[in-house]
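Just below is one structure, and these are the notes that go with it.
Just so it is clear, none of the values below were taken in a lab; they were calculated from the coordinates. Not measured: the values here are computed from a predicted model. Cβ atoms come from the backbone with ideal geometry, glycine included; neighbour counts cover every protein chain shown.
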């Protein structure tokens, strides 16, 4: 009897936990859906000013509301859930010359930001050419010394790609924001370091060390040296 009672109690406990998990899952889905709906409502208002021929895409109020539902589903399915991602897409929308309303898929592709070839970005680092985006700038700031001076080319390219993809993901999730000026004008970090003062260098290193520790990235070279210096104070 004791064994049967224990089994029944365990079954009841599992059922209760399953019910709780289901409730939490439904709540999370609702939160994601509500957030996506809010994003879409504001996005459609903004897109109306970008596309003067927008009325041709919507016959009436019903088609307008139906399009909002379709875009909301598309955003949820493709992980577009915060305003920063949408802002990246709007930058591309404002660049366009087409007056007609874009498809949901077209806009979602814009939200991923510019597609940058990691090998070309690596070659720009070696040639000390200007960066094309803030993710490239942060990548070069973090690992260009190791890639240029300490590693063979195959390992240097692998490290650069790993760090670059991490910073691109930070741009997508909003934790790394593009500079206010044109990304093509971002100066090479290698050139910048030649002109920065010792105080500027320490401030830069301290900020990068905080990010690297938070991400679990091992400290090497100047980062490790600076970290030991600050710990000894």
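Quick check on the exposure proxy: order 88, 80 from fewest to most C-beta atoms within 10 angstrom.
Values: 88 21, 80 24.
In increasing order of surrounding Cβ atoms, one gets 88, 80.
Starting from 0.36 nm per residue, how many nanometres of slack lie between residue 78 and residue 127 once their C-alpha separation is accounted for?
Full extension from residue 78 to residue 127 adds 14.0 nm.
Could you work out how much longer the chain between residue 95 and residue 60 gets when fully extended? Use 0.36 nm per residue separation minus the Cα distance between them, nm to one decimal.
So the extension gain works out to 9.9 nm.
Determine, for each peptide in 93-106, 63-76, the mean count of other beta carbons within 10 angstrom over its residues, then list the peptides with the highest first.
63-76, 93-106
Could you tell me how far the Cα centroid of segment 202-233 sits from the Cα centroid of segment 118-149, in Å?
Centre-to-centre (Cα) distance: 20 Å.
Could you calculate the contour length gain from residue 151 to residue 215, that is, 0.36 nm times the residue separation minus the distance between their Cα atoms, to one decimal place in nm?
Fully extending the segment from residue 151 to residue 215 adds 20.8 nm.
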